[in-house]
Amino acid sequence: METSLSFQAVREDILRCRLCEKRFGFEPHPVVFGNEKAPIVQISQAPSRHVHITRRPFDDASGRTLRGVWYRITDEFFYDPDRFFLTSMGHCYPGKAPGGGDRQPPRVCARTWMHRELATVQNEMYVIIGSLAAGFFFPGQPFPDLVFRDQRLDGKPAFVLPHPSPLNSRWFAQYPLFLERRIVAIRRAVHATLGMDTPFSSLS
């Protein structure tokens with residue numbers, strides 16, 4: 001098992017990383033949040049432009065949907081480093097794509113850091129957000145199948161979510177059972193892992 005010192009060393013190396021600076025054309029701001037014993041590790045695609053500025057993961061409209069509507073937890077719970085470890089396939093905002101939306105993060109980021117990073121955490125479950133992250137951990141499997149079935153990663157429960165972005169409305173329309181049923185089961189798993197037995201309405 002990795003030591004706490006290893007966790008801090010890897011974290012500091014990530015925050016100093018400038019592997020992609022020439023690709024981006026601007027100074028990268030690596031974003032990673034949480035402590036090594038946080039029970040939930042959440043892995044998404046890459047920070048948004050707003051998160052690039054604030055350095056606060058999911059500090060945008062997608063994050064408000066994720067926290068308040070899907071998880072039904074307060075900001076205080078989500079941004080408690082002893083509850084959530086928040087990382088992504090690309091630790092930095094990758095810039096805008098020519099056709100709109102954000103570019104995909106360079107693959108070198110996940111290849112360089114992801115396995116080293118996860119080797120230092122002692123979580124109980126994973127939440128994996130988006131098809132890019134899902135494909136990295138579960139290659140070759142249809143994304144809807146991953147979303148609607150409980151998974152295992154490193155011997156621990158893992159749940160795959162679509163990205164909560166408003167731009168993903170077509171996917172939600174195609175798979176209405178996600179919002180009607182599947183997210184309820186995932187929410188229960190999140191609450192159970194966090195040791196929550198208090199209704200969301202009383203946490204605000």
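Tabulated data for the structure shown
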| read-out | value |
| --- | --- |
| Checking H29 against (1) surrounded by fewer than 19 Cβ atoms within 10 Å (Cβ to Cβ); (2) under 23 Å from A185 (Cα atoms), the condition it does not meet | (2) |
| Selected residue (only one of A97, A9 is under 25 Å from P164 (Cα atoms), surrounded by fewer than 16 Cβ atoms within 10 Å (Cβ to Cβ) and out of contact with any strand residue (DSSP E or B) (no Cβ under 6 Å at 6 or more places or on another chain)) | A97 |
| Filtered residues of region 71-94 (kept if among the hydrophobic types (A, V, I, L, M, F, W, C) and buried (at least 19 other Cβ atoms within 10 Å of the Cβ)) | I73, F78, F84, F85, L86, M89, C92 |
| Of the criteria (1) without any contact (Cβ under 8 Å) to a residue 40 or more places away in the chain; (2) surrounded by fewer than 18 Cβ atoms within 10 Å (Cβ to Cβ), which one A61 fails | (1) |
| Hits in region 134-151 (condition: in contact with a helix residue (DSSP H, G or I) (Cβ under 7 Å, 6 or more places away or on another chain) and closer than 18 Å to I43 by Cβ) | A134, F136, F138, F143, L146, V147 |
| Filter result (touching a residue at least 40 places away in the same chain (Cβ under 8 Å) and in contact with a helix residue (DSSP H, G or I) (Cβ under 6 Å, 6 or more places away or on another chain)) within region 152-173 | P164, S165 |
| Tally of residues being more than 25 Å from F159 (Cβ to Cβ) and surrounded by 15 or more Cβ atoms within 10 Å (Cβ to Cβ) across region 32-49 | 0 |
| Subset of region 134-152 that is farther than 20 Å from N123 by Cβ and small (G, A, S) - its residue that is surrounded by the fewest Cβ atoms within 10 Å (Cβ to Cβ) | G140 |
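A quick yes/no check of all residues on (1) in a helix (DSSP H, G or I); (2) under 26 Å from E76 (Cα atoms); (3) in contact with a strand residue (DSSP E or B) (Cβ under 7 Å, 6 or more places away or on another chain); (4) modelled with pLDDT under 95:
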site	(1), (2), (3), (4)
Y126	no, yes, yes, no
A134	yes, no, yes, no
V147	yes, no, yes, no
A185	yes, yes, no, no
R188	yes, yes, no, no
A192	yes, yes, no, no
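The values are calculated or read from the model by the stated rules, or taken from the named source; none is laboratory data. Computed from a predicted model, the values in this text were never measured in an experiment. Glycine gets a Cβ as well: all are built from the backbone with ideal geometry, and neighbour counts include every protein chain shown.
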